[in-house]
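This structure is in C-alpha cells; I'll ask about it shortly.
The values are calculated or read from the model by the stated rules, or taken from the named source; none is laboratory data. All values derive from a computational prediction rather than experimental measurement. Note: ideal-geometry Cβ built from the backbone for every residue, glycine included; neighbour counts use all protein chains shown. Remember, those area values only see protein heavy atoms, side chains included, never the ligands or the DNA or RNA. Shrake-Rupley method; radii C 1.70, N 1.55, O 1.52, S 1.80 Å.
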Amino acid sequence: MRGSLFLIIIAIVFASTIHSCTGRASDIVEVENPESEIRELWNQFSQSWESEDATACASIYHADGLNIPDEFRVNSGVTEIEEFYSSLFVENQPIAYRHRMESLHFDGDMAVEYAAFRVEWISNEGEDWTYDARALIHWKKVENVGWRIKSMLFNNPPVDE
C-alpha cells in the first residue's frame, strides 16, 4: 500500500508539472528583436554627429536618460545631454562617428547593448585626433516613440586592448 501511495504522488506531481510546462499558446509572449531599430538609431546618430546637430544626437535618449562619459560629469536628461554634445562640437570639428554593436540582450521593453565606438576629430587648433571607446548602453522602449537610451556609460579601453 505504501508503494502504491508513493507512485500515485509521483504521478500527480509529474502530471501537474507536464500541465504547467505545456501552458496555453496565448501565455507565451514573443519578444521582438530590437537590433535593426537600434542599429538604425545609431545610423541616424552618426549622421547627426557628423552634421554637428546636438539636438538630434540627444533625441535618441530617454527624457530622463543618463550620459556617463569617462572623466566628465554625468549628463542627466535630454537638455544636459544636448548641451554636452554642443560643447564637444564647439571645441572640435567632428569628422566621423563609427558605432559597432558588439552584443545586444533584450527582454520585453528593455535591452542592454555592449558596443565600441570611434570618433575622429580635428581640434580647433587644426590637429587630427581619434577617440576610441567602449560603451554599455541600457535601452528602454517608449510607447508610441520607440527605443531610447536610458543610460550610456562609456570610457577608453585599456591600452593593451
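Within the stretch 30-54, can you find the residues that are touching a residue at least 40 places away in the same chain (Cβ under 8 Å) and over 14 Å from the mean Cα position of the chain (by Cα)? First the steps, then the outcome.
First pass over the stretch 30-54, keeping only residues touching a residue at least 40 places away in the same chain (Cβ under 8 Å): 31, 33-35, 37-39, 41-42, 45-46, 49-50, 52.
Those that are touching a residue at least 40 places away in the same chain (Cβ under 8 Å) and over 14 Å from the mean Cα position of the chain (by Cα): 31, 46, 49, 50, 52.
I'm trying to understand the selection: among the residues of the stretch 48-68, which are in contact with a helix residue (DSSP H, G or I) (Cβ under 7 Å, 6 or more places away or on another chain) and among the small types (Gly, Ala, Ser)? Show your work before the answer.
At the first step, the residues of the stretch 48-68 found to be in contact with a helix residue (DSSP H, G or I) (Cβ under 7 Å, 6 or more places away or on another chain) are 48-49, 52, 54-58, 60-61, 63-65, 67.
Those that are in contact with a helix residue (DSSP H, G or I) (Cβ under 7 Å, 6 or more places away or on another chain) and among the small types (Gly, Ala, Ser): 48, 54, 56, 58, 63, 65.
Quick one: count up the residues across the stretch 105-131 that are under 23 Å from residue 76 (Cα atoms) and over 9 Å from the mean Cα position of the chain (by Cα).
In the first step, residues of the stretch 105-131 are kept if they are under 23 Å from residue 76 (Cα atoms); the result is 109-119, 131.
So of that shortlist, the ones also over 9 Å from the mean Cα position of the chain (by Cα) come out as 109, 116-119, 131.
Qualifying residue count, the stretch 105-131: 6.
Being open to solvent by less than 50 Å² (accessible area, probe 1.4 Å), without any contact (Cβ under 8 Å) to a residue 60 or more places away in the chain and closer than 15 Å to residue 62 by Cβ is the filter here, so list the residues in the stretch 107-161 that pass it.
If the condition is that a residue be open to solvent by less than 50 Å² (accessible area, probe 1.4 Å), without any contact (Cβ under 8 Å) to a residue 60 or more places away in the chain and closer than 15 Å to residue 62 by Cβ, then 137 is the only one that fits.
Just checking, does the stretch 98-121 include any residue being closer than 18 Å to residue 51 by Cβ and touching a helix residue (DSSP H, G or I) at 6+ places or on another chain (Cβ under 6 Å)?
Taking every residue of the stretch 98-121 in turn, at least one turns out to be closer than 18 Å to residue 51 by Cβ and touching a helix residue (DSSP H, G or I) at 6+ places or on another chain (Cβ under 6 Å).
Next question. Do we have residue 25 as modelled with pLDDT under 95 and open to solvent by less than 90 Å² (accessible area, probe 1.4 Å) here?
Numbers: modelled with pLDDT under 95: yes; open to solvent by less than 90 Å² (accessible area, probe 1.4 Å): yes.
Yes: the conditions hold for residue 25.
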